[in-house]
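For reference, the structure discussed in these notes is given below.
Values in this text are rule-based calculations from the coordinates and carry no lab data. Just so it is clear, the structure is predicted and the values come from calculations on it, not from any experiment. For neighbour counting, all protein chains shown are included, and Cβ atoms are generated from backbone atoms with ideal geometry for every residue, glycine included.
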Amino acid sequence: MKKLLLLVAYLITSASFAQTKPTEVLLIGTFHFNNPGADVVKVKTFDVMAPKVQAELETMTDKIRLYQPDKIFVEWPWDEQSDLDALYAQYLGGKYEAYVTAKYTKPSQRDFYLKNEIFQLAFRAGKKLKLAKIHAIDYKKTDFPYDSVMKAMNAAHQEKLLKDIESMMATYQANTNKKLETYTLAQLLLDHNKPESRAFDNGLYITLLNRAGTADAFVGPFLVSEWYRRNLYMYSLVQKLTEAPDDKVMILAGSSHTAMMNGFIGLDNAFQVRELKDVLSLKK
């Protein structure tokens, strides 16, 4: 009887999933347009303010407007939503650049608020879509003890692992810098969202960092678990903030985050990925 009840519950659950059309997720993994140099791998800057790049952003956000996502989620601290709301209100009012320039006098701060992808891409798309709000989903209350992981590798005499990481980073840095010099913005974003790029982002943590340390040292797995936790928390906000009327949503975040989310969506019957390349090919 117990097995029969479990089977019935399973069939009911499966049927309910089958009858509900999944919400499409336009998943846009990106590099940081303002490049604050906070990532482990150091790459060159990209001039997002150049006229040709600004023209690309106009074209790209026109395509997103055609796609008509009901919500846009961005890599901004979830518990600082009110700050994002205030910035977006200035943007909608056409006073954003003057507001930011007056408020943030330090060049690094001003660069962030003028050049970051949230303001250049998400805000621009949101305004064209007439969205009242851009939703913050980042969760930063996690640890990322990269230096401790490197120390653990050295203490465990994991010379090959250290060389593999060094080689991987050098290759990635060289390839990325070459692309930043030669690719258009659209080409860069399409490259970041290829299956191979997502596999690389995800594989780094399991293939290399999870191995760090001796058998009784778990700083490597701890770092990896914290990275998973951050992204799971971010994804949970997408799940909770997506409501029944939402047919389509968009997530704009660093490509390492969206690589993880692509995997989560693959396990979530309520969502399905819509790729950037498909949206950029939309016609009026």
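Structure notes:
- 19 Å Cα-Cα threshold exceeded, pairs from LYS133/LYS283; LYS95/LYS127; LYS115/LYS240; LYS194/LYS277: LYS133/LYS283; LYS115/LYS240
- Percent of alpha-carbon pairs separated by more than 24 Å within the stretch 19-146: 32 percent
- ASP70 long-range amide H proximity, modeled H, under 5 Å: ASP247, LYS248, VAL249
- Net charge dipole size for the chain [Lys, Arg +1 and Asp, Glu -1 on Cβ; Debye, nearest 20]: 520 debye
- Proximity of backbone amide H atoms, modeled 1.01 Å from N, is registered between ASP138 and TRP76, TRP78 at under 5 Å, excluding neighbours fewer than 5 places apart on the same chain.
- Close amide-amide hydrogen proximity is noted between PHE271 and THR23, each under 5 Å apart and 5 or more residues distant or on a separate chain (H modeled in the peptide plane; Pro and chain starts excluded).
- Only DSSP H runs of four or more residues enter the estimate; each adds -39500 (n - 2.57), and after division by the residues of the chain the mean residue ellipticity at 222 nm equals -18500 deg cm²/dmol.
- Cross-link reach is defined here as a Cα-Cα straight distance under 25 Å, omitting same-chain residues fewer than 8 places apart; for LYS163 the lysines meeting it are LYS42, LYS44, LYS151, LYS178, LYS179.
- Additional length obtainable on full extension of the chain from SER225 to GLN239, 0.36 nm per residue less Cα span: 3.0 nm
- Spin-label model, TYR104/ASP268: points 7 Å from Cα along the beta carbon direction are separated by 2.8 nm.
- Here the contact order of the stretch 28-280, divided by its residue count and restricted to Cα pairs under 8 Å and six or more residues apart, works out to 34 percent.
- Whole-Hz Karplus values for the stretch 149-165 come out as 5, 5, 5, 5, 5, 5, 5, 8, 6, 8, 4, 5, 5, 4, 5, 5, 5 Hz, taken residue by residue from phi with 6.51 cos²θ - 1.76 cosθ + 1.60 and θ = phi - 60°; glycine and proline positions read x.
- Estimated dipole of the stretch 160-207 in Debye, rounded to 20 [Cβ of Lys and Arg +1, of Asp and Glu -1, Cα centre]: 60 debye
- Extent along principal axes [Cα atoms of the stretch 80-150; Å; largest to smallest]: 47, 27, 19
- Gain upon complete extension [ALA215, LYS52; 0.36 nm per residue less C-alpha separation]: 53.4 nm
- The label point for ASN177 and the one for LEU92, both projected 7 Å from the Cα toward the Cβ, are 4.3 nm apart.
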